[in-house]
Amino acid sequence: MTDVIRQIYSAHSKFSDFGPSDPGDPRIRQIGRLVGTGKRVLDIGCSLGNTTAHIRACGNEVVGIDVAEPFLAACRAKGIECYSCNIETEDLPVIGTFDVVVMTEFFEHLIDPLIALGTVRRLVRPGGKLVISTINCAYIKYRFELAMGRLPNFGENCAMNDPVRPYNLHHKSLFTIPNFVKTLH
């Protein structure tokens, strides 16, 4: 399964903007505020490293994890320490523990988020925190798409969909706010 996941996200990378990140992006700035400063931070699903780089610029030590080598190469080009790992199926590299674990727009890509949460629990130091964001699949825009008989793209580039596979390969676990909170508990 890990090889399939790597193939999906390595193919996904060809649709990504590898240009400079926008330091003014309000979501990235908010994540930086939630993390704070002077922390050791793990960014799981670090992708291109834009959020990771901002967290580092806030005065934190950062480490990233992703499954797609093109994303990891982009992170390394930004000077970010990062590792290839599928946290659902592989042992983590020896990276220690963290004050904060960040998972932004990552949770919905997991086959079984509870496996990832079990791993995260071991990585977060006592008193540490998890900063996580995911898609609310019950958002009115997505409900409208479903009512019109279309599969919501949940913010993904529709060009990424293989014409042979008219389904969403990327999002495997969808959440509403109540079931997201229940999952975290």
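Nothing in this text is a laboratory measurement; each read-out follows from the coordinates by a stated rule. Everything quoted here is computed from the prediction, not taken from an experiment. Please note: Cβ atoms are built from the backbone with ideal geometry, for glycine as well, and neighbour counts cover all protein chains shown.
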*Once label points are set 7 Å from the Cα along Cα→Cβ at both ILE140 and GLU61, what is their separation, rounded to one decimal in nm?*
4.6 nm
*In order through region 115-130: 3J(HN,Hα) via Karplus (6.51 cos²θ - 1.76 cosθ + 1.60), integer Hz, x for Gly, Pro*: 4, 5, 5, x, 5, 4, 4, 6, 8, 7, 5, x, x, x, 9, 10
_When a/c reaches 1.5 or more, the comparison of a/b and b/c decides; with that in mind, is region 26-142 rounded, prolate or oblate per its Cα gyration tensor?_
rounded
*With label points built 7 Å along Cα→Cβ from the Cα atoms of ARG76 and LEU92, find their separation and express it in nm.*
2.2 nm
*Roughly how many nanometres apart are two label points built 7 Å out from the Cα toward the Cβ at ARG27 and ILE111?*
2.6 nm
